[in-house]
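For reference, the structure is listed below as structure tokens.
The values are calculated or read from the model by the stated rules, or taken from the named source; none is laboratory data. This is a predicted model, so every value here is computed, not measured. Cβ: placed from backbone, ideal geometry, glycine included. Neighbour counts: every protein chain shown.
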């Protein structure tokens, strides 16, 4: 039989519209309902704008020599102290040295440049950020972020380092750290760059460590309590307000290692588990020891659990556990071991890891360990 | 098309990108990211990557297609990391992300959004993106094929599989589909 000529074949093919119709598309109301339910609101859009950088980086087309000269100038500029307005406390007000203006307690003002409240507290406001000074004394200061975003930096070795920032119903208290608070209406974002902060809201406290960020827009939603968090009103630890909080051991590595790990995570998104595993192995082989190597090793174990049969993954998990008792991920990796053993139908052996998680793990880990125990029949 | 060419990259590129595409990128983040991820985080990351790459944007593709490609990668990465973290309990139950106000209307909208996100989340990634781009955003199959770099026939076959699966999951979430013939019964919202 002769095949149809191409023109005739094309004429017989259904059009796009006909094909779409055959596929029973969502009805108009279904589509509107689903599209409306997932459409971003104006508030969300404003919050997004507040989170975006002020400007895009330009790509230089300068000649390499000129680039080098620019780099040298940049280095000099970077080494110079940043222009910061220093404010000194006075009864009931701060005196801002740059213009000798007073910032009385209770007054709201838009800051247009970096400000040092003391030798140990710095504020870098975003444009149009508005703050109100609520209290200041020799120990520190209490500020309200009325609107916009500002980054706060506290030197744990300086005097007067107790800083509290109120943003709506959220209060961030810090001793020795760098963090950013953004506020748009009732929505508040807190992001911690270094150290650790306590966030209090509606009678509950949670701590955020370096690299962590949280949003609390809904006034009625209380903060989940951290493990060991004290309810507001409980007697504070006598040294809590005075001691710098040690930065967490996990993600505060050298910038270079952090960049390379972030780039690796980007690549992993595209890779199947086996290829991702090879990438992490290569990264670990090249990486100097640092806080991220622990995270990378645990990440590797997870990939291994995904890519390999349980027995193969288990041998690496057990090797890691044998030498990593001090790692903060120790109970978590024990949970992984229990899950792999359960998968391998070796529930008797899983019991020891479940016991470790129950003894050392957070509430969330303990719940998961309980689920593994239940899957093992008790 | 928006001026996103290298010559257009500069100090107000952020504003131009945000004004032209902010709502769209945020909508993709909500629809493709699912209930476990913060759409603000995803959209922010998309813009950060876009601004980093804007000088390399050659303008021979639609800006929407270019941004969708970035969104797709960011979402895939975020979903994977979230999955890995949940696997060993690094993150407990996901914290709900709120639109910013807590009026009854906002809570109602949030509940509906969560239900739809869970229904979308039950689809595979390929089916989810076909359904979102074709049905929710009413793009033509050839346009979607160009955006995702797949043949038009593939888009149709994914849609074919996605629609009944999505309806079934909407029902499971308590959202009843309309009567087939006449569109008189309003969609029920989840209780």
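Taking region A:334-355 only, how many residues are in a helix (DSSP H, G or I) and over 19 Å from residue A:294 (Cα atoms)?
So the answer is 15.
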Only one of B:16, B:79, B:113 is under 30 Å from residue A:331 (Cβ atoms), surrounded by 15 or more Cβ atoms within 10 Å (Cβ to Cβ) and modelled with pLDDT under 90, namely B:79
Counted residues, region A:356-367 - those being surrounded by fewer than 23 Cβ atoms within 10 Å (Cβ to Cβ) and within 17 Å of residue A:321 (Cβ to Cβ): 6
What do you reckon, is residue A:275 more than 11 Å from every other protein chain (Cβ to nearest Cβ) and at pLDDT 75 or above? yes
Of all the residues that make up region A:321-333, how many are part of a loop (DSSP other than H, G, I, E, B), touching a helix residue (DSSP H, G or I) at 6+ places or on another chain (Cβ under 9 Å) and more than 11 Å from chain B (Cβ to nearest Cβ)? 2
Odd one out for residue A:378 among (1) at positive phi; (2) at pLDDT 80 or above: (2)
Residue by residue through region A:110-132, note down the ones that are modelled with pLDDT under 70 and surrounded by fewer than 21 Cβ atoms within 10 Å (Cβ to Cβ). A:111, A:112, A:113, A:114, A:116, A:119, A:120, A:127, A:128
Failed item in (1) modelled with pLDDT under 85; (2) part of a loop (DSSP other than H, G, I, E, B); (3) crowded, with 18+ Cβ neighbours inside 10 Å, with residue B:91 passing the rest: (3)
Can you find, within region B:128-172, the residue that is farthest from residue B:79 (Cα to Cα) among those that are away from chain A (no Cβ under 11 Å) and under 12 Å from the mean Cα position of the chain (by Cα)? B:133
Checked against (1) at pLDDT 90 or above; (2) in a loop (DSSP other than H, G, I, E, B), residue B:68 satisfies every condition except (2)
Looking at (1) part of a helix (DSSP H, G or I); (2) over 12 Å from residue A:301 (Cα atoms); (3) more than 13 Å from every other protein chain (Cβ to nearest Cβ), which is the only condition residue A:318 fails? (2)
Within region B:135-153, count every residue that is free of Cβ contacts under 8 Å to residues at least 40 places away in the same chain, over 16 Å from residue B:125 (Cα atoms) and not in a loop (DSSP other than H, G, I, E, B). 5
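Looking at B:26, B:32, B:51, which is the one that is facing another protein chain (nearest Cβ under 7 Å), buried (at least 17 other Cβ atoms within 10 Å of the Cβ), in a helix (DSSP H, G or I) and at pLDDT 90 or above?
Only one candidate qualifies: B:26.
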Could you tell me whether region B:110-123 includes any residue that is part of a helix (DSSP H, G or I), away from chain A (no Cβ under 12 Å) and under 14 Å from residue B:30 (Cβ atoms)? no
Can you tell me which residue is farthest from residue A:313 (Cα to Cα) among those in region A:343-355 that are modelled with pLDDT of 80 or more and surrounded by fewer than 21 Cβ atoms within 10 Å (Cβ to Cβ)? A:355
